[in-house]
Amino acid sequence: DIVFLRIGVVMDLIEVKGMKYGVRIVELEDLEQLEKLEAESYPADEAATPQKLELRAKQASDLFLVAFDPMQNENPIVAYACATLAAGELTEESMAAHDPQGDNVCIHSVVVQKQLRRNGLGSAVLEAFIRHVEKVHSTSQKFRNLKRFSLLAKKHLCTFYIKCGFELIGPSPVEHGAEQWFELQRVIQSN
């Protein structure tokens, strides 16, 4: 039997430890799965609300990529990376909105299903996200203003992001949840 899945337009393929995953732009139909992944991945006081995920999917869909397992019929999304654009530095205000003219790609989440963590999928999804943004930046007018990727991470994740090409800037003044966050940045590469 052949099963046809609604998987959207595949933009990239990534392979991690022999498993192949498709990567595509988010669709509104994905939100239920994404809300579950977000809730599994962050403490309640740090997780994006369903409304914030929907806002990002609607207003910044080109900055919201999902990775999926084409062999799974139910809940095929296994990871995602999402961002919005901000003008200037990261602040609580700039992270709460999407500024289409912004120069800073503010990465909000890099999320991987719990059972698939620590095997390279997170870095593969992040690299696919970066390739996508840099390709759009260099080939169209859409992201012409971009200068950098920025994100906030807890101390134990800084090494992960540094290995992905980010530079540690230092402690962030942004407060989100109970723990201290650190800001990391990576310069946008133009082809």
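The values are calculated or read from the model by the stated rules, or taken from the named source; none is laboratory data. Quick caveat, the model's predicted, so the values are computed rather than measured. Every residue, glycine as well, gets a Cβ built from its backbone with ideal geometry; the counts of neighbours run over all protein chains shown. These accessible areas exclude ligands, DNA and RNA; they are computed on the full protein's heavy atoms, side chains included. Shrake-Rupley method; radii C 1.70, N 1.55, O 1.52, S 1.80 Å.
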| query | Please state the equivalent ellipsoid semi-axes for the range 12-136: what are the square roots of 5 times the Cα gyration tensor eigenvalues, largest first, in whole Å? | reply | 23, 16, 13
| said: Using DSSP to call loops (not H, G, I, E or B), can you name the GluC sites (Glu not before Pro) in the range 31-122 whose Cβ has at most 10 other Cβ atoms within 10 angstrom? | reply: 74
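State which entries of 52/147; 17/135; 20/154; 17/58; 52/142 exceed 31 angstrom in Cα-Cα distance in the structure shown.
Values: 52/147 24 Å; 17/135 26 Å; 20/154 29 Å; 17/58 33 Å; 52/142 23 Å.
Beyond 31 Å between Cα atoms: 17/58.
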| request: On a 0 to 90° scale, report how tilted helix 50-59 is relative to the longest principal axis of the chain, with both axes built from alpha carbons and the result rounded to the nearest 10. | output: 90 degrees
| query | What's the carbon and sulfur percent of the chain's accessible surface, probe 1.4 angstrom, rounded to a whole number? | reply | 52 percent
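Excluding residue 167 itself, what net charge comes from residues whose Cβ is under 14 Å from its Cβ, given Lys and Arg +1 and Asp and Glu -1?
On the way: positive: 147, 148, 163, 186; negative: 183.
In short, +3.
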| Size of charge dipole - the chain - debye, nearest 20, with Cβ of Lys, Arg +1 and Asp, Glu -1, no other charges | 700 debye
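In percent, how large is the relative contact order of the chain, given Cα pairs closer than 8 Å and 6 or more residues apart? Please report the intermediate quantities before stating the final value.
Values: 345 pairs, mean separation 33.0, N = 191.
Dividing the mean separation by the residue count of the chain yields 17 percent.
Over the range 32-80, calculate the relative contact order: mean separation of alpha carbon pairs under 8 Å at least 6 apart, over the residue count, as a percent.
Values: 32 pairs, mean separation 15.0, N = 49.
Across the range 32-80, relative contact order equals 31 percent.
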| query | When the Karplus curve 6.51 cos²θ - 1.76 cosθ + 1.60 is applied with θ = phi - 60°, which whole-Hz ³J(HN,Hα) does each residue of the range 23-39 get, with x for Gly and Pro? | reply | 10, 8, 5, 4, 10, 4, 5, 7, 4, 4, 5, 5, 4, 5, 4, 4, 5
| task | Could you pull the accessible area for residue 95 with a 1.4 Å probe, rounded to 10 Å²? | result | 40 Å²
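So what's the back-of-envelope 222 nm ellipticity for the chain, counting only DSSP H runs of four-plus at -39500 (n - 2.57) apiece and dividing by all residues, rounded to 500?
On the way: 5 runs with 50 residues, N = 191.
Using -39500 (n - 2.57) per qualifying helix, the result is -7500 deg cm²/dmol.
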| Any number yet on Rg/Rh for the range 4-76, C-alpha, Kirkwood? | 0.98
| task | Would you mind checking the tilt of helix 121-139 against the longest principal axis of the Cα atoms of the chain, expressed as 0 to 90 degrees and rounded to 10? | result | 70 degrees
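To two decimal places, what compactness ratio does the range 116-179 give when its Cα radius of gyration is scaled by 2.2 N^0.38 Å?
In units of the globular-protein estimate, the range 116-179 measures up at 1.31.
Over the range 49-191, average the accessible area per residue using a 1.4 Å probe and give it in Å², no decimals. Working shown, then result.
Details: 7180 Å² over 143 residues.
Per-residue value: 50 Å².
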